[in-house]
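Derivation of every value follows stated rules applied to the coordinates shown; laboratory data play no part. In this text the structure is predicted, and so the values were computed from the model without any measurement. Note that each Cβ is placed from the backbone with ideal geometry, even for glycine, and that neighbours are counted across all protein chains shown.
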Amino acid sequence: MMGDFFMKLQYLGTAAAEAFPALFCQCETCKRAREKGGKDIRGRSGAVLDDTLMIDFPPDVYLHSLRFGIDLTKIENLIVTHSHMDHFCPVELSTASPDYYAHGMHPIHVFGNGNVGKKLENAMFGEFKKPVDFVPFQRVYGYQPFSVGGYEVTPLPALHGMGDPSEDAFFYLIRKDGKTLLYTHDTGIFFEPVFAYLKANAGHIDLVSLDCTFGKLPDGANHMGIPDNLVVKARLEEQGNVDASTRYIINHFSHNCHSIHEELEEEAAKHGFLVAYDGMTVEI
Ligand SMILES: [Zn+2]
Ligand SMILES: [Zn+2]
Ligand SMILES: [Zn+2]
């Protein structure tokens, strides 16, 4: 236990795949975000728990580490939701090689689905032309909890194939010291078996972080917007996983939501949701 909280969650990036403003986009929303700056500058999604457990390794990790004073040498474990490029940029992990780029660095243990393992291996082979041992990989499976660095982590299947049946995307139920975080993105409204699993196993959830790629708009497919988030919230309430003490944070925004941060906040506030921004820290 540290002070009066048990887990510290820090969002590093809070955008969808194309970043927000998007790299090459000149739409009105991107223009407004560029003008506003601050919380409207969103890198690709990732987060860190207690400065040591990283969730996802997007192409913007280096920039996030500089912008928010993240000491990447403290990262011991990396859990990856899925292999899409906005969540996993394995070639960048080559810089953790103690022989070449990172003197004194310890191994980073990587946990993820089969595609994550394959992409990691290919990236390392591409870079070093031989197998490496500084990013050991462990494949994880849906509904099979594993222990890592004092956390109990359960991968839950996301509704997020994007037409690729091999991409068994996950989101994560994470527990430590009696506190529970449900960290989700890149999923539509959860699969029924996931709701059933949460009902039977999750108990009380303290913080729910939700995909909100489409902001005020509904998606109902591979992602969510606030209308979909409300469906998830109602289901979790109905089955007793959440109550008035549970906090909700919406995350992973696309410029296609047509809203900048303050507009998202205005809408989110009506439902008691907080809007994530890059660098945001919450204590659980
Ligand atoms: Zn994504
Ligand atoms: Zn745009
Ligand atoms: Zn994705």
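Put in line by how crowded their Cβ is, counting other Cβ atoms within 10 Å and starting with the fewest, 154, 95, 213 read 95, 154, 213.
At most 15 other Cβ atoms within 10 Å and a DSSP loop assignment: could you name the trypsin sites (Lys or Arg not before Pro) in the stretch 124-205 that fit?
Details: sites: 129, 139, 175, 176, 179, 199; in loops: 129.
Those that pass, being in a loop and sparsely packed, are 129.
Amide H contacts under 5 Å for residue 180: 206, 207, restricted to partners 5 or more places along the chain or on a different chain, H placed in the peptide plane at 1.01 Å from N.
Cα centroid separation, the stretch 1-73 to the stretch 136-162: 22 Å.
For the cross-link pairs 31/216; 199/270; 31/119; 36/119; 74/119, which exceed 30 Å when the distance is taken from alpha carbon to alpha carbon? Flagged as over cut-off: 31/119; 36/119. Relative contact order of the stretch 104-198: 21 percent, from C-alpha pairs under 8 Å at least 6 residues apart in sequence.
May I ask for the net charge around residue 53, where only other residues with Cβ less than 14 Å from the Cβ of residue 53 are counted and Lys, Arg are +1 while Asp, Glu are -1? Value of the local net charge: -2. What residue among 15, 123, 158 shows peak mean-square fluctuation when the chain is described by a Gaussian network model with Cα springs under 10 Å? For the chain, modelled as a Gaussian network with Cα springs under 10 Å, the answer is 123. Among beta bridges identified by DSSP and lying wholly in the chain, the antiparallel ones come to about 55 percent. Straight-distance candidates among the aspartates and glutamates for linking to residue 176, with alpha-carbon spacing under 20 Å and chain neighbours fewer than 8 residues away dropped: 4, 50, 51, 56, 76, 152, 206, 243, 283. Sites listed here are GluC sites (Glu not before Pro) in the stretch 1-99 whose DSSP assignment is loop and whose Cβ has at most 15 other Cβ atoms within 10 Å: 76. Straight-line cross-link partners of residue 130 among the aspartates and glutamates, defined as a Cα under 17 Å from its Cα and at least 8 positions apart when in the same chain: 92, 99, 121.
Using Cβ contacts closer than 10 Å as the measure, can you line up 233, 216 from fewest to most?
On the way: 233 19, 216 16.
Final ranking by Cβ density, sparse to dense: 216, 233.
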